[in-house]
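Single-structure report; data block below.
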Amino acid sequence: MRDVAIVGVGSTQFGRAQWSLLKMMCEASHDAITDAGIGERKIDAVYVGNMGAPRNNRMSGLSSGLVDRMNLYPHTVSETIENGPASGASAIKHGLHSVASGLCDLVLVCGGERMREVNNFEATEFVSFLSHRYAEYVYGVTLPALAGMFTRLYMERYGLEPKHLAMVAIKNHENGAKNRKAHVRIPITMEGILTGPDALNNNPWIAEPLRFFDCCPVSDGASAVLLAPAEMAKEFKKTPVLVAGMGQATDSQAVQDRPDPTELTAVRMAAERAFAMAKLAPKDIHVAELHDAFTILEIAESEECGFFKKGEGHKALERGETRIGGRLPINPSGGLKSRGHPVGNTGVSQIVELVLQLRGEAGDYQVPNQPRHGFAVNFGGFGNNVVATVLKRGV
Amino acid sequence: MAKIVEAAKCVKCGKISYPMHFYCPSCRGTRFEPVPVEGEGRLITWTRVYALPLDYAVLYTTLGIVELDMGVRATGQLDIAEPKTGQRVRARVGKVREINGKDITGLVFGAV
Amino acid sequence: MSPPVYDWDAGEYLTSEEERMIDELEAMLRPPVLPMAPYPPKAVLLASGETMVVRQASIDEVDTMLKVIQPLSWLDRDFYDIVAARLFAELLGWKTYRVRNEYCLVGVVDGVLAGIVNGRLWDEKHGVSYHTLTLKRGLRVGSHLFASKMEHHIEYLGQDEVWVVAESPIGHRRWMIEYPLDKKFEIQHELGGAPSYVLTRETYFKAKSRLVTGTRPVSPELLASSYPLREPDLKVMLTQIEDTLEARL
């Protein structure tokens, strides 16, 4: 097996797309190709991460569309990967496999999603198809509903308070405000969303105990990375970043089926597998992008991945350890909370953000002291299909 | 309109699973007989959901996960104004949603 | 010698008889107005930590508002075009005394217009809600302003009910279901369109603690900061509206 490096990254603005889905994906891919400077080399394969195009955009076979639009035919092979909100990281995993195995040299992975083409209700509805059809969906279970039930249990067991959830939101909004490409660039305050006189009206319930600012926005966006064998990596323009480890794990589809519903077993196992492959441990990580579709998830994942003891994540948050400049900055890009959550794209955009951090190109939200190891969790379903990635600067 | 919500009882080992899986989780048997999800249980966690799909004309619905005495866990609607985690509830079957004009029945839990 | 060209705009060409006739016509066209209690200003602390002053707008502020609203009438996004076009007409009608018993409330953040709501009195006991236009999005400005409008009708104008229709699904969802409003389909709302919904005193006071916010009194300095009304930067406003943050997964 060959080592695989990321040699180029690109991304569009997040938010409400001004462009069609394919155009967004082309722009992100073009950015990644230009970033790497591939010259006359041919792209051998394209993997596209997407979740909702057949339903929301009435397009299927998205990767073929991208290959056509970018004139990559007939040389390039392509597939579209659908793995719920973990589609992006899954697409990167497939890219990793095809380069590592020696089947392909240069592989483009693009995650794209355009959810705002449909209205809010349809967007919520299509994401809720992830829940168990007969045991959950028919009751009106949405992802926020599952997150709400999860949060209540978690709060009761580990003594989390609403202020801890708000602190995640405030931190990520503060980070995202510095990220030119983030969707929600509005800094928020504790007074404004929790303690002030009008706070509870500014921040109404979505699924108790989760409020409006505990949930990520519905976003459009596309991101792309270019993978190449590590031995070729020096031929490109930018500092290569090694895909040191990738791990994936699954869990029961219905949350009720889990022996302890506060355990995110798939997150823990995916992280363990990624760390084992990278021969690194949680203490070696300098920057992390965790899947904070709901504020509680950032805290829960930071524990399951081994950064903090179970039930201690919110204490680290209180101490400011997860801020930019803290011991382990989490979601310096703003995370899903502020950068946005175009579902099938998110896994790729997390990797793009980590690569920028490791190269030192993140600008206003750059993590100090030249981080060398980065970590990402891309969370599919409500924790039933999770992909974790460890990145390492240099090859 | 379905009168019961079915769980699957493994013909070989008697383990009840809900929702059903293709293989029995304890003996990997593949033959099951339907048994109703019913009786009393304990509320593990719950939520009031305000962000609902468009077919809902209510402000919120209350949902919860219940550990039933019959040995399975089930998600369902709560017909309880102020639920408390850990409280005893009883399952019944009722209309829980309308999808494309069709009534969907499912589990509704009331306080005991 | 040719006769002088008649100029409708130049006063000195009118004879006193002509002037008297124009005033009479104007008097016929200008409707009598019911007395309306003022809306006491309030301050709402937004999620961003900014304070929004909600206060009554006066007729001499209409021109500023029209200038802000006008470009939105071409914005085919979340029904902004139809709401902007109709609000434009309603405010112009108010300014030129062609709509009876109309009022307008504005939300102002740091002196900049953040949102507009308006409505009118049908009679002493019945109110008609017109439009809610949010210019600063993502902070629930529209929700606060709509609630202020209902507060004005019920608490300060002392009305028994307000008739409401929505043009956008977001509006429908928010007003009809969140409050929740009752159906009053026997009434045809002035805006035409869907059958009317109604907010009664009873539903208002039930929903009040949940939906109506703000603190009174507003300090004179804060209130003064909301005058004169400043226009939001057009580009910032359009970007915010395009990237609306209303939706949550």
Requested in this report: Would you be able to tell me the number of residues in the range A:167-178 that are under 15 Å from residue A:313 (Cβ atoms) and either basic (Lys, Arg) or over 19 Å from the mean Cα position of the chain (by Cα) (or both)?
Outcome: 2
Query raised in the report: Among the residues of the range A:184-208, which ones are in contact (Cβ under 8 Å) with a residue 40 or more places away in the chain and more than 7 Å from chain C (Cβ to nearest Cβ)?
Result: A:185, A:207, A:208
Report task. Among the residues of the range A:80-110, write down those that are under 19 Å from residue A:381 (Cβ atoms), surrounded by fewer than 22 Cβ atoms within 10 Å (Cβ to Cβ) and over 13 Å from the mean Cα position of the chain (by Cα). Result -> A:82, A:94
Query raised in the report: In the range C:142-165, how many residues are in contact with a Ser or Thr (Cβ under 9 Å, 6 or more places away or on another chain) and within 14 Å of chain A (Cβ to nearest Cβ)?
Result: 8
Query raised in the report: Exactly one of (1) in contact with a helix residue (DSSP H, G or I) (Cβ under 6 Å, 6 or more places away or on another chain); (2) in contact (Cβ under 8 Å) with a residue 60 or more places away in the chain; (3) not in a loop (DSSP other than H, G, I, E, B) is unmet by residue A:51. Its number?
Result: (3)
Query raised in the report: How many of the residues in the range B:62-95 are under 16 Å from residue B:48 (Cα atoms), touching a helix residue (DSSP H, G or I) at 6+ places or on another chain (Cβ under 8 Å) and surrounded by 19 or more Cβ atoms within 10 Å (Cβ to Cβ)?
Result: 6
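Looking only at the range A:216-246, which residues are facing chain C (nearest Cβ under 10 Å) and either part of a strand (DSSP E or B) or farther than 23 Å from residue A:126 by Cβ (or both)?
If the condition is that a residue be facing chain C (nearest Cβ under 10 Å) and either part of a strand (DSSP E or B) or farther than 23 Å from residue A:126 by Cβ (or both), then A:217, A:218, A:220 are the ones that fit.
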Query raised in the report: For residues in the range C:69-93 being in contact with a strand residue (DSSP E or B) (Cβ under 8 Å, 6 or more places away or on another chain) and without any contact (Cβ under 8 Å) to a residue 40 or more places away in the chain, which is nearest to residue C:119 (Cα to Cα)?
Result: C:91
Report summary line: For the range C:111-165 the number of residues that are of a type in the set (A, V, I, L, M, F, W, C), in contact with a helix residue (DSSP H, G or I) (Cβ under 9 Å, 6 or more places away or on another chain) and in a helix (DSSP H, G or I) is 4
Query raised in the report: Does the range C:147-160 contain at least one residue that is surrounded by 22 or more Cβ atoms within 10 Å (Cβ to Cβ) and more than 18 Å from the chain's Cα centre (by Cα)?
Result: no
Query raised in the report: Checking residue A:339 against (1) in contact with an Asp or Glu (Cβ under 6 Å, 6 or more places away or on another chain); (2) of a type in the set (D, E, K, R); (3) buried (at least 24 other Cβ atoms within 10 Å of the Cβ), which test does it fail?
Result: (1)
**Report entry** Members of the range A:128-156 found to be facing chain B (nearest Cβ under 7 Å), touching a residue at least 60 places away in the same chain (Cβ under 8 Å) and within 17 Å of residue A:205 (Cβ to Cβ), listed by number
**Finding:** A:142, A:144, A:145, A:148, A:149
Query raised in the report: Scanning for something under 29 Å from residue B:102 (Cα atoms) and not aromatic (Phe, Trp, Tyr), does the range A:68-84 turn up at least one residue?
Result: yes
**Report entry** Hey, residue A:160 of a type outside the set (Ser, Thr, Tyr), under 30 Å from residue C:208 (Cα atoms) and in contact with a helix residue (DSSP H, G or I) (Cβ under 6 Å, 6 or more places away or on another chain) or not
**Finding:** yes
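A quick yes/no check of all residues on (1) at pLDDT 95 or above; (2) more than 30 Å from residue C:241 (Cα to Cα); (3) among the charged types (D, E, K, R):
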residue: A:6; (1), (2), (3): yes, yes, no
residue: A:30; (1), (2), (3): yes, no, no
residue: A:44; (1), (2), (3): yes, yes, yes
residue: A:55; (1), (2), (3): no, no, yes
residue: A:70; (1), (2), (3): yes, yes, no
residue: A:82; (1), (2), (3): yes, yes, yes
residue: A:88; (1), (2), (3): yes, no, no
Report task. For the range C:211-219, state whether one or more residues are within 14 Å of chain A (Cβ to nearest Cβ), among the polar types (S, T, N, Q) and either more than 24 Å from residue C:140 (Cα to Cα) or part of a helix (DSSP H, G or I) (or both). Result -> no
Query raised in the report: Of the residues in the range A:89-103, how many are in contact with a strand residue (DSSP E or B) (Cβ under 6 Å, 6 or more places away or on another chain) and within 10 Å of residue A:47 (Cβ to Cβ)?
Result: 8
Report task. Go through the range C:28-80 and count every residue that is part of a loop (DSSP other than H, G, I, E, B) and within 14 Å of chain A (Cβ to nearest Cβ). Result -> 10
Query raised in the report: Taking the condition closer than 30 Å to residue A:381 by Cα and charged (D, E, K, R), does residue C:174 pass?
Result: yes
Query raised in the report: Right, residue A:211: among the charged types (D, E, K, R), farther than 30 Å from residue A:62 by Cβ, within 14 Å of chain B (Cβ to nearest Cβ) and surrounded by fewer than 24 Cβ atoms within 10 Å (Cβ to Cβ) or not?
Result: no
Query raised in the report: Given the residues A:174, A:161, which is the only one that is among the acidic types (Asp, Glu), more than 14 Å from chain B (Cβ to nearest Cβ) and within 18 Å of residue C:49 (Cβ to Cβ)?
Result: A:174
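Yes or no, residue by residue, for (1) under 30 Å from residue A:197 (Cα atoms); (2) modelled with pLDDT of 75 or more; (3) among the aliphatic types (A, V, I, L, M):
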residue	(1), (2), (3)
C:5	no, no, yes
C:8	no, no, no
C:22	no, no, yes
C:25	no, yes, yes
C:34	no, yes, yes
C:39	yes, yes, no
C:42	yes, yes, no
**Report entry** Qualifying residue in the range A:81-88 (condition: among the hydroxyl-bearing types (Ser, Thr, Tyr) and either in contact with a Lys or Arg (Cβ under 6 Å, 6 or more places away or on another chain) or within 13 Å of residue A:346 (Cβ to Cβ) (or both))
**Finding:** yes
Requested in this report: Test residue A:28 against the criterion of being touching a residue at least 24 places away in the same chain (Cβ under 8 Å), buried (at least 24 other Cβ atoms within 10 Å of the Cβ) and not in a helix (DSSP H, G or I), and give yes or no.
Outcome: no
Query raised in the report: Got a sec? Which of C:121, C:105, C:113, C:139 is at pLDDT below 95 and away from every other protein chain (no Cβ under 14 Å)?
Result: C:121
Query raised in the report: Does residue A:298 meet the test of being over 30 Å from residue A:139 (Cα atoms), within 20 Å of the chain's Cα centre (by Cα) and either within 14 Å of another protein chain (Cβ to nearest Cβ) or not aliphatic (A, V, I, L, M) (or both)?
Result: no
Query raised in the report: Could you say which residue among C:187, C:177 is within 28 Å of residue B:55 (Cα to Cα) and outside any loop (DSSP other than H, G, I, E, B)?
Result: C:177
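The values are calculated or read from the model by the stated rules, or taken from the named source; none is laboratory data. None of the values given here were measured: they were computed from a predicted structure. Neighbour counts are summed over all protein chains in view; Cβ atoms, including those assigned to glycine, are modelled from backbone coordinates with ideal geometry.
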